[in-house]
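Accompanying notes for the structure given below.
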Amino acid sequence: MFRKILIANRGEIALRILSACRELGIRTVAVYSEADRHALHVRFADEAICIGPPRSSESYLNIPQVISAAEIANVDAIHPGYGFLSENANFAEVCEASHITFIGPTPDAIRLMGEKDKAKEAMATAGIPVVPGSAGVVPDEDSAKDIARKIGYPVMIKAAEGGGGRGMRIVRSAKELIPLFRTARTEAEQAFGSPNVYMEKLIERPRHIEFQVLGDRHGNVIHLGERECSLQRRHQKVLEESPSVVVDAETRQRVGKQVVDALKAIGYSSAGTMEFLREESGNLYFIEMNARIQVEHPVTEMVTGVDLVKSQIRVAAGEKLEKVLPPIEFRGHAIECRINAEDPDTFTPSAGKVTAFRVPGGPGIRVDTACYADAVIPPYYDSLIAKLISHGHDRAEAIVRMQRALDGFVVEGVKTTIPLHKRILADPNFLAGKFDTHFLERMTAVETK
């Protein structure tokens with residue numbers, strides 16, 4: 001097992017990793033920007049090193065600074081969390097070259113899954129259904145026209161090396177294609193440093209379903225069921241739950257086996273998430289893989305009893321899954337609400353000082369956060385300040401517990417999305433499990449009329 005781990009992240013995920021390390025008896029090193037000097041992950045780590053100014057590019061994304069901190073602290077491994085450098089294959093390679101274990105997949109696996117067109121090709125070769133679309137990057141406008149004619153409108157143009165909705169455009173007619181193709185390429189280059197885009201058939205009213213996976217360094221892979229992630233705003237998830245109300249046991253077993261077989265074929269290790277779109281007929285199509293721990297990993301932990309972060313660390317240290325995992329049994333239902341420091345009506349970020357902070361508790365409630373009273377929410381980073389998770393013996397109990405927890409969650413000084421989550425949890429269509437990835441757009445449109 002590792003002696004000392006550097007946590008190359010901030011916020012609630014840094015604290016989550018720190019807790020896992022403490023349970024495993026591993027010393028921790030926090031890195032922080034000047035804006036995070038008083039952050040909780042800095043306070044609770046065994047050691048802490050400042051790696052630069054507030055901007056991510058000069059601190060949390062600065063590979064030489066992170067590696068220098070790791071070498072100064074003489075760590076065995078680095079856990080990147082999610083975001084920042086977690087899916088940066090070059091960073092994983094630098095860790096290897098520095099004789100530091102990167103707690104995540106191999107650089108080759110990260111690179112393969114990071115290039116979404118190649119990831120789709122690899123999964124299609126492994127037998128997993130993919131959304132009809134281009135065979136790879138769309139090289140030019142004439143090719144875009146040919147592909148769109150072949151698969152039929154509407155189509156979706158997506159950045160090949162990015163996500164989060166940037167470099168993404170929906171095209172509903174031939175007249176719109178070329179202007180939107182150019183816009184998507186320009187946005188992709190600005191956001192990700194590459195203008196490459198690919199194209200796929202647009203599935204109307206889809207649900208977003210993802211499968212949690214975990215692999216070791218001995219060729220073993222397991223899936224831990226699915227999560228429903230259809231509650232999104234501009235392709236950013238807002239609420240997640242597990243299991244999905246539209247995935248039955250047969251589909252779970254069949255798709256889970258396909259996922260496991262495909263990842264064994266590419267030698268995947270560590271935690272990861274295979275993401276699918278589900279059309280109304282029930283077919284699931286692979287869209288991408290996130291080769292890291294996910295923000296929403298707690299809902300899987302709640303229904304399986306598996307500590308995914310500790311499991312990541314243990315398999316990175318060379319342990320086999322059979323030793324790491326308890327017997328897998330899916331129990332009950334879990335929901336996660338992402339509490340962001342944003343105006344719940346306009347979604348404008350709300351940076352500033354938190355003047356009061358009280359988290360809920362009671363049966364079936366978990367809160368992952370790095371926030372506290374008098375903490376300052378800086379304007380430089382993602383606006384997530386807490387993850388509120390509920391668990392019940394079924395979906396109805398998980399919903400009731402979440403409603404009770406939202407009522408008892410107090411954050412003052414900054415605006416948060418708690419009121420939005422209360423509206424979602426009271427919506428008849430959500431309660432009935434009748435929603436898709438456009439649910440929030442329709443709900444907020446009705447509210448503003």
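Every read-out reported here was derived from the displayed coordinates using simple, explicitly stated rules and does not represent laboratory data. Being a predicted model, the structure only gives us computed values, none of them experimental. Every residue, glycine as well, gets a Cβ built from its backbone with ideal geometry; the counts of neighbours run over all protein chains shown.
Tell me, what is the FRET efficiency for GLN403 and ARG22 to the nearest 0.05, using R0 = 22 angstrom and their Cβ-Cβ distance as r?
0.10
If you place +1 on the Cβ of every Lys and Arg, -1 on the Cβ of every Asp and Glu, and leave all else neutral, what size is the dipole of the stretch 21-113 about its Cα centre, to the nearest 20 Debye?
240
Can you classify the stretch 132-201 as rounded, prolate or oblate using the Cα gyration tensor, where a ≥ b ≥ c are the square roots of its eigenvalues, rounded means a/c under 1.5, and otherwise it's prolate if a/b beats b/c and oblate if not?
On the way: a/c = 1.72, a/b = 1.59, b/c = 1.08.
Prolate, since a/c reaches 1.5 and a/b exceeds b/c.
Wrap a convex hull around the Cα atoms of the stretch 1-67, take a quarter of its surface area, and give that in square nanometres. Intermediate values should be presented prior to the final figure.
Values: hull surface 16.2 nm².
Mean projected area for the stretch 1-67: 4.1 nm², to one decimal.
Would you work out the charge dipole size for the stretch 207-448 about its Cα centre, treating the Cβ of every Lys and Arg as +1 and the Cβ of every Asp and Glu as -1, and quote it to the nearest 20 debye?
Around 380 debye, computed over the stretch 207-448.
About the Cα centre of the chain, what is the dipole size in debye to 20, counting +1 per Lys and Arg Cβ and -1 per Asp and Glu Cβ, all else neutral?
Once rounded to the nearest 20, the dipole reads 440 debye.
Taking the alpha-carbon distance from LYS175 and a cut-off under 19 Å, which lysines remain once sequence neighbours fewer than 8 residues away in the same chain are dropped?
Cα-Cα hits under 19 Å: LYS145, LYS150, LYS158, LYS201.
For a test of the definition: using alpha carbon positions, the gyration tensor, and the 1.5 limit on a/c, classify the chain as rounded, prolate or oblate.
Details: a/c = 1.32, a/b = 1.15, b/c = 1.14.
Cα axes put the chain in the rounded bin.
Going toward the positive end of the dipole of the chain, with +1 on Lys and Arg Cβ and -1 on Asp and Glu Cβ, which of PHE435, ILE67, PHE347 do you reach last?
So the residue furthest toward the plus end is PHE435.
Given the rule -39500 (n - 2.57) for each run of at least 4 DSSP H residues, summed and divided by the residues of the chain, what is its mean residue ellipticity at 222 nm, to the nearest 500 deg cm²/dmol?
Working: 16 runs with 161 residues, N = 449.
So the calculated ellipticity at 222 nm is -10500 deg cm²/dmol.
What's the percent breakdown of Cα-Cα distances in the stretch 66-186 across 5 Å bins, shortest bin first?
2, 10, 17, 17, 14, 11, 10, 8, 6, 4, 2, 0
Just add up the charged neighbours of GLN212: K/R +1, D/E -1, any other residue whose Cβ is under 10 Å from the Cβ of GLN212. Walk me through the numbers before you get to the answer.
Details: positive: ARG227; negative: GLU210, GLU226, GLU296, GLU301.
Every neighbour counted, the sum reads -3.
Determine the gain in length on full extension of the stretch ARG149-ALA126; use 0.36 nm per residue of separation and subtract their C-alpha separation, reporting nm with one decimal.
That pair, ARG149 and ALA126, stretches by 5.6 nm at full extension.
Using the alpha-carbon centroid of each, what span in Å lies between the stretch 239-308 and the stretch 129-184?
The stretch 239-308 and the stretch 129-184 have Cα centres spaced 26 Å from each other.
List the equivalent ellipsoid semi-axes of the stretch 279-383 in whole Å, largest first, each obtained as the square root of 5λ for an eigenvalue λ of the Cα gyration tensor.
Semi-axes, largest first: 31, 20, 17 Å.
From the convex hull of the Cα coordinates of the stretch 1-134, what is the mean projected area in square nanometres? The partial results should precede the final answer.
Numbers: hull surface 37.7 nm².
Convex hull of Cα atoms, orientation-averaged projection: 9.4 nm².
From the square roots a ≥ b ≥ c of the eigenvalues of the alpha-carbon gyration tensor of the stretch 225-268, which class results: rounded (a/c under 1.5), prolate (a/b over b/c), or oblate?
Details: a/c = 3.59, a/b = 1.53, b/c = 2.34.
Cα axes put the stretch 225-268 in the oblate bin.
Along the Cα→Cβ direction, 7 angstrom out, place labels at HIS235 and ASP374. What is the inter-label distance in nm?
4.2
Given the Cα-Cα distance of GLU322 and GLU280 and 0.36 nm per residue of separation, how much length would full extension add, in nm?
On the way: separation 42, 0.36 × 42 = 15.12 nm, distance 3.69 nm.
Here the segment from GLU322 to GLU280 would lengthen by 11.4 nm.
Step by step: find N for the stretch 207-448, compute 2.2 N^0.38 Å, then divide the Cα radius of gyration by it. What's the final number? Let's see the in-between values first.
Working: Rg = 18.2 Å, N = 242, 2.2 N^0.38 = 17.7 Å.
My calculation over the Cα atoms of the stretch 207-448 gives 1.03.
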